[in-house]
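A.B. asks: Questions regarding the structure given below will be posed in turn.
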Amino acid sequence: MTIQSNVSLKALHTFGINVQARQLATFQDQDSLAEILAAYPDGHRLILGGGSNILFTQDFDGLVLKNEVMGIETIAEDDNYVYIKVGAGENWHRFVQHCIRQDLGGVENLSLIPGCVGASPMQNIGAYGMEIKEVFQELEAYHLGDGALQAFSLNDCAFGYRESVFKNKCKDQFVILNVTFRLRRAPIFNTTYGAIEQELERMGVKDLSVKAISDAVINIRSSKLPDPAKIGNAGSFFKNPVVSAAAFAKLSAAHPGMPAYPAEQEPYLSSVSGDQGEAEDVAGDAGAPMKLAAGWLIEQCGWKGYRKGDAGVHERQALVLVNYGNATGKEIYDLSQEILESVQKKFGVTLEREVNII
Ligand SMILES: Cc1cc2nc3c(=O)[nH]c(=O)nc-3n(C[C@H](O)[C@H](O)[C@H](O)COP(=O)(O)OP(=O)(O)OC[C@H]3O[C@@H](n4cnc5c(N)ncnc54)[C@H](O)[C@@H]3O)c2cc1C
């Protein structure tokens, strides 16, 4: 067991903020996690995966537990599905590629999402019309209070749009150690979302496959989203707000052309892409809640491309806040607060941060 003191976290999260942790330890399995916790039974703790959904606003005065639980294993198969158990520390995209190589369907639209498998249930990651809840079978998590291992079914996880029980009722109580996914032998292709169809056509794809869809998603994401290796960011900073049908009717009357989606659709990439042409301006079923494109609202308030010092709003993606080099987490947070207030003032809509603020 190695526990380091006063460690820089700059390279361990995608915003690249220069903060320190009082202690940092890595764990590879349940036993090494238990050993660390026995040595440090009290104080603040933070479970860290790839650090791609975190904004540190100050040094972390506690123990950061870096998850390095590895392994990708097929544990069961039947006529329709293959069940794959994945260590929480595995890179998400590496797992997606593993499925693509075996021609298994269900995660191809989620290609190239940064971060680790263990964090994927935290906010029910989603993109291009898919969310992990559609392939989720179960997970095992370690209870930080009594050290017991607990299994969570789909129902237990209470998945919603960028939500799960782990962000609510069970917040800060569990360390996810592994997740089991249920992949389809006969994939159901979903190409209707965003620019996938156009990209497949541009690629000259004749026979649809999970590989072709994954490649299309990779191409689109690479051309539209800023690479955290080049410019610090955590993807979409805010969630897309959901409003009632009545509220949407008023908003769209006051702001013609305001894009919105029936709330059950998955709008991550359309909103983050900055390509507002992808958003449908639809009324939806009477009474059905509507999801607004947070990126559009932010852009309408004039923030796109804004920069103050090294904190800014990406020039192509108004939903992505960026660190141009030496911004502090507080500067990025303050900017997000200014954005939130201006959207509230102009549209009367309250944005909610998607990124975890530490
Ligand atoms: C360029 C870019 C694009 C992105 N695109 C998308 C997208 O399309 N869709 C989407 O949904 N997200 C997207 N994201 C956000 C991010 O990739 C996901 O939220 C991802 O799942 C975070 O994984 P991580 O390992 O980096 O989590 P971290 O940032 O390390 O952690 C996130 C939260 O989960 C907790 N946590 C992490 N691991 C565990 C664990 N094992 N047990 C318990 N708690 C844990 C942490 O304490 C923290 O609260 C994007 C981010 C970037 C930078």
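The values are calculated or read from the model by the stated rules, or taken from the named source; none is laboratory data. Everything numeric in this text was worked out from a predicted model, so none of it was measured. Because the Cβ atoms are built from the backbone with ideal geometry, glycine has one as well, and the counts that use them run over all protein chains shown. These accessible areas exclude ligands, DNA and RNA; they are computed on the full protein's heavy atoms, side chains included. Shrake-Rupley method; radii C 1.70, N 1.55, O 1.52, S 1.80 Å.
A.B. asks: Working only within the stretch 187-221, note down all residues that are polar (S, T, N, Q), open to solvent by 50 Å² or more (accessible area, probe 1.4 Å) and not in a helix (DSSP H, G or I). Talk me through it step by step, then tell me what you get.
C.D. replies: Going residue by residue through the stretch 187-221, those that are polar (S, T, N, Q) are 190-192, 198, 209, 214, 219.
Restricting the remaining residues to those that are open to solvent by 50 Å² or more (accessible area, probe 1.4 Å) gives 192, 198, 219.
Correct list: T192 only.
A.B. asks: Does the stretch 223-245 hold any residues that are in contact with a helix residue (DSSP H, G or I) (Cβ under 8 Å, 6 or more places away or on another chain) and of a type in the set (A, V, I, L, M, F, W, C), and which are they?
C.D. replies: Passing the criteria: L225, F237, F238, V243.
A.B. asks: Output the qualifying pairs, or none if there are none: Cβ atoms under 6 angstrom, residues six or more apart or on different chains, first residue in the stretch 236-261 and small (G, A, S), second residue part of a loop (DSSP other than H, G, I, E, B).
C.D. replies: S236/L319; S236/E354; S244/P289; A245/G287; A245/A288; S252/M258
A.B. asks: In the stretch 105-116, which residue that is farther than 13 Å from N53 by Cα and within 14 Å of the ligand (Cβ to nearest atom) is most open to solvent (accessible area, probe 1.4 Å)?
C.D. replies: Taking the stretch 105-116 as the starting set, the residues that turn out to be farther than 13 Å from N53 by Cα are 105-112.
Filter once more, so that each one left must be within 14 Å of the ligand (Cβ to nearest atom): 107-112.
Details: V107: 0, E108: 1, N109: 0, L110: 0, S111: 0, L112: 61 Å².
So the residue we want is L112.
Rundown of residues vs (1) in contact with a Gly (Cβ under 8 Å, 6 or more places away or on another chain); (2) away from the ligand (no atom under 14 Å from the Cβ); (3) part of a strand (DSSP E or B); (4) within 24 Å of H13 (Cα to Cα), yes/no style:
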{"residue": "H93", "(1), (2), (3), (4)": "no, no, no, yes"}
{"residue": "I100", "(1), (2), (3), (4)": "no, yes, no, no"}
{"residue": "D103", "(1), (2), (3), (4)": "no, yes, no, no"}
{"residue": "K133", "(1), (2), (3), (4)": "no, no, no, no"}
{"residue": "E138", "(1), (2), (3), (4)": "no, yes, yes, no"}
{"residue": "A141", "(1), (2), (3), (4)": "no, no, yes, yes"}
{"residue": "Q150", "(1), (2), (3), (4)": "no, no, yes, no"}
{"residue": "N155", "(1), (2), (3), (4)": "no, yes, no, no"}
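A.B. asks: Before we move on, is D172 near the ligand (Cβ under 10 Å from one of its atoms), of a type in the set (D, E, K, R), open to solvent by 40 Å² or more (accessible area, probe 1.4 Å) and modelled with pLDDT under 95?
C.D. replies: On the way: near the ligand (Cβ under 10 Å from one of its atoms): yes; of a type in the set (D, E, K, R): yes; open to solvent by 40 Å² or more (accessible area, probe 1.4 Å): yes; modelled with pLDDT under 95: yes.
Spelling it out, D172 is indeed near the ligand (Cβ under 10 Å from one of its atoms), of a type in the set (D, E, K, R), open to solvent by 40 Å² or more (accessible area, probe 1.4 Å) and modelled with pLDDT under 95.
A.B. asks: Across the stretch 158-169, which residue is farthest from the ligand (Cβ to nearest atom) among those that are modelled with pLDDT of 95 or more and either among the aromatic types (F, W, Y) or crowded, with 22+ Cβ neighbours inside 10 Å (or both)?
C.D. replies: It comes out as F159.
A.B. asks: Could we say that D59 is among the acidic types (D, E), more than 11 Å from the ligand (Cβ to nearest atom) and closer than 23 Å to R353 by Cα here?
C.D. replies: When the stated conditions are applied, D59 passes them.
A.B. asks: Within 16 Å of A234 (Cβ to Cβ) and open to solvent by 20 Å² or more (accessible area, probe 1.4 Å), is that true of N6? I'd like the intermediate steps shown before the answer.
C.D. replies: Numbers: within 16 Å of A234 (Cβ to Cβ): no; open to solvent by 20 Å² or more (accessible area, probe 1.4 Å): yes.
Spelling it out, it is not the case that N6 is within 16 Å of A234 (Cβ to Cβ) and open to solvent by 20 Å² or more (accessible area, probe 1.4 Å).
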